[in-house]
Amino acid sequence: MIVLTEQIEIPASYEKLKAWTANFEEEFVKWSPYHIECNLYNGNYHAGSKVRFREIVMGLDYDVTGSITECEQDENHFRIVFRSDKKTAFIIFEGKRTETGCHFSHTEAFGMTTPVIGAIMNFLIFKVFFRKKANWQLIRDDMILDNRYLYDILTEGKYPERIPMDKLLTGAK
């Protein structure tokens, strides 16, 4: 299993981060010019809810559906875990209150964890069938950029400029 985690300290109130999360279906698309769609099919992000994310990064179209498997929240912390329908990807968003604002963590994990067969399947998935989409540096760079965008959104109310779909599909900026 490949696990990528990016974190950022943001000098904005935890309440701003929590409000952003509460409006996630709309905020996901505005968060990054590479984000195209987010559908919360049950209208929320509670455990068991169905979700779809779509983004296009460097011409690669990532369109993933799945379910929220965990959702915990209180006045100082939240953690939301998404698992793809194919059970080969997890996305975790976690936020917490800090003395100087808030902390946001974004984790993406890929692959099967089953001993022996998992290693074989991961090789086939990442090295044979989906080699182009399994570009870990591209995914990590996108996560870092997402965190920078979130910083600007929460501290300045500044959203990134949208990129036209034809340019997204060709990988042009």
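Below is a table of values for the structure above.
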read-out: Region 26-41 - residue that is surrounded by fewer than 16 Cβ atoms within 10 Å (Cβ to Cβ) and in contact with a strand residue (DSSP E or B) (Cβ under 6 Å, 6 or more places away or on another chain) and, of those, nearest to Tyr159 (Cα to Cα); value: Glu37
read-out: Only one of Phe53, Phe90 that is touching a residue at least 24 places away in the same chain (Cβ under 8 Å) and not in a helix (DSSP H, G or I); value: Phe53
read-out: Yes/no for Glu6 being exposed (fewer than 14 other Cβ atoms within 10 Å of the Cβ) and either aliphatic (A, V, I, L, M) or within 20 Å of Leu150 (Cβ to Cβ) (or both); value: no
read-out: Residue count, region 139-159 (criterion: in contact (Cβ under 8 Å) with a residue 60 or more places away in the chain and either within 17 Å of Glu6 (Cβ to Cβ) or touching a Ser or Thr at 6+ places or on another chain (Cβ under 6 Å) (or both)); value: 14
read-out: Those residues of region 93-112 which are in contact with a helix residue (DSSP H, G or I) (Cβ under 9 Å, 6 or more places away or on another chain) and in a loop (DSSP other than H, G, I, E, B), in sequence order; value: Gly111, Met112
read-out: Tally of residues being modelled with pLDDT of 85 or more and either open to solvent by less than 50 Å² (accessible area, probe 1.4 Å) or in contact with a Phe, Trp or Tyr (Cβ under 8 Å, 6 or more places away or on another chain) (or both) across region 158-173; value: 3
read-out: Candidate set: region 75-110, residues that are open to solvent by 30 Å² or more (accessible area, probe 1.4 Å) and under 16 Å from Lys18 (Cβ atoms); chosen: the one modelled with the lowest pLDDT; value: Glu75
read-out: Qualifying residues in region 56-74 (those that are part of a loop (DSSP other than H, G, I, E, B) and open to solvent by 40 Å² or more (accessible area, probe 1.4 Å)) - the one nearest to Trp31 (Cα to Cα); value: Met58
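Let's see how each residue does on (1) within 12 Å of the chain's Cα centre (by Cα); (2) at pLDDT below 95; (3) part of a helix (DSSP H, G or I):
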residue: Val3; (1), (2), (3): no, yes, no
residue: Glu6; (1), (2), (3): yes, no, no
residue: Glu9; (1), (2), (3): no, no, no
residue: Ala12; (1), (2), (3): no, no, no
residue: Glu15; (1), (2), (3): no, no, yes
residue: Trp20; (1), (2), (3): no, no, yes
residue: Ile36; (1), (2), (3): no, yes, no
residue: Asn42; (1), (2), (3): no, yes, no
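The values are calculated or read from the model by the stated rules, or taken from the named source; none is laboratory data. The structure displayed is predicted, hence computed values, not measured ones. Cβ sites come from the backbone with ideal geometry, for glycine too, and all protein chains shown count toward neighbours. Surface accessibility is based on the protein's heavy atoms, side chains included, excluding ligands, DNA and RNA. Shrake-Rupley method; radii C 1.70, N 1.55, O 1.52, S 1.80 Å.
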